[in-house]
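Reading through the structure tokens given below for one structure.
The values are calculated or read from the model by the stated rules, or taken from the named source; none is laboratory data. Here the structure is a predicted model, which means the values were calculated and not measured. Here Cβ is always computed from backbone atoms with ideal geometry, including for glycine, and neighbour counts include all displayed protein chains. We work out accessible area using only protein heavy atoms, side chains counted, and drop any ligands, DNA or RNA first. Shrake-Rupley method; radii C 1.70, N 1.55, O 1.52, S 1.80 Å.
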Amino acid sequence: MLTGAGTSTESGIPGYRDADGRWMRAAPVLYQDFVRLAAARRRYWRRSMAGWPLLAAARPNAAHAALASLEALRHVTRIVTQNVDGLHERAGSGTTIALHGCVGDVVCLNCGGRFSRAAVQQALEAANPYFGVSAADAAPDGDANVADDPDDAFDVPACAHCGGVLKPDVVFFGEGVPKDRVDKARAALEESDAMLVVGSSLAVYSGYRFCEWAAALRKPIAAINIGRTRADPLLALKANEPCGPALTDLAERLGGAPRRPRGGPAVSRG
Ligand SMILES: [Zn+2]
């Protein structure tokens with residue numbers, strides 16, 4: 001099981017790409033720039049401060065609940081996600097490997113100290129009272145599209161232990177996925193009968209390569225995704241549908257009563 005941004009759009013977290021796979025957002029901050037340039041960090045954190053409230057308020061949706069149910073029924077042995085929103089874990093999926101990390105965690109690049117993103121948000125807002133958090137157009141990963149005013153006046157908090165550079169514990173563009181995570185996910189693929197892709201166009205190679213590996217291992221691959229995926233030529237089955245209804249239907253057919261997502265509508269069953 002490999003999930004992507006489309007799994008979380010029903011939780012109100014916007015996707016990266018439209019149905020034709022076209023990139024919809026402003027250029028992300030690259031890892032090399034973030035590490036080397038204070039200006040890139042100001043740009044990142046200013047946008048992140050604006051985008052965080054929406055991410056913090058997001059709740060698991062029907063797709064997360066159905067996948068947790070399929071996992072409880074052992075139809076799904078491992079969820080590998082490209083998402084950094086932590087919603088699979090919050091829906092109760094205990095097998096999740098978050099390939100690209102979790103945006104709710106922040107790490108110091110100097111001492112390795114860890115902080116919650118919520119605590120860093122408090123520090124950001126306290127240090128930058130003149131930068132609003134409400135007017136932004138939210139984007140994936142807690143990013144946001146904000147006006148391109150100079151970021152010079154934006155104050156980026158440092159590590160409370162050593163004064164080092166703080167970075168969200170997510171894999172940036174230009175940064176590799178940690179090898180132990182890839183190895184663990186690849187081992188799960190080798191032990192599985194088949195692979196299901198949910199809500200991803202697979203445009204990013206760190207996700208697509210699992211399809212290449214599955215094809216090389218002669219495992220059938222299916223996908224639930226609105227629009228084209230990079231792996232379309234490799235698929236045995238494609239459902240061009242929203243993830244929530246398709247997965248809920250699948251979980252019910254396979255004998256599971258999907259857990260109701262927290263804060264979601266009540267489902268009456270007759
Ligand atoms: Zn530190």
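The table that follows gives values for the structure above.
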| item | result |
| --- | --- |
| Any hit, the range 46-60, residues being touching a strand residue (DSSP E or B) at 6+ places or on another chain (Cβ under 8 Å) and modelled with pLDDT of 95 or more | no |
| Per-region count, the range 92-114, residues within 16 Å of the ligand (Cβ to nearest atom) and on the phi < 0 side of the Ramachandran plot | 9 |
| Test result for S69, touching an Asp or Glu at 6+ places or on another chain (Cβ under 8 Å), hydroxyl-bearing (S, T, Y) and either part of a strand (DSSP E or B) or within 26 Å of G244 (Cβ to Cβ) (or both) | no |
| Test result for A38, modelled with pLDDT of 80 or more and over 18 Å from the mean Cα position of the chain (by Cα) | yes |
| Residues (outside any helix (DSSP H, G or I) and in contact (Cβ under 8 Å) with a residue 40 or more places away in the chain) located in the range 83-94 | N83, V84, D85, A91, G92 |
| Of all residues in the range 189-209 being open to solvent by 20 Å² or more (accessible area, probe 1.4 Å) and among the hydrophobic types (A, V, I, L, M, F, W, C), the one that is nearest to Y44 (Cα to Cα) | V204 |
| Test result for D193, in a loop (DSSP other than H, G, I, E, B) and modelled with pLDDT of 95 or more | yes |
| Any hit, the range 157-168, residues being of a type in the set (V, I, T), buried (at least 18 other Cβ atoms within 10 Å of the Cβ) and either within 16 Å of the ligand (Cβ to nearest atom) or within 30 Å of G112 (Cβ to Cβ) (or both) | no |
| Positions within the range 45-84 being open to solvent by less than 30 Å² (accessible area, probe 1.4 Å), of a type in the set (D, E, K, R) and under 28 Å from P28 (Cβ atoms), in sequence order | R46, R47 |
| Selection within the range 107-118 - farther than 11 Å from G163 by Cα and either in contact with a Leu (Cβ under 9 Å, 6 or more places away or on another chain) or open to solvent by less than 50 Å² (accessible area, probe 1.4 Å) (or both) | V107, G112, F115, R117 |
| Enumeration of residues in the range 169-181 that are open to solvent by 60 Å² or more (accessible area, probe 1.4 Å) and either within 11 Å of the ligand (Cβ to nearest atom) or assigned to a strand (DSSP E or B) (or both) | F173 |
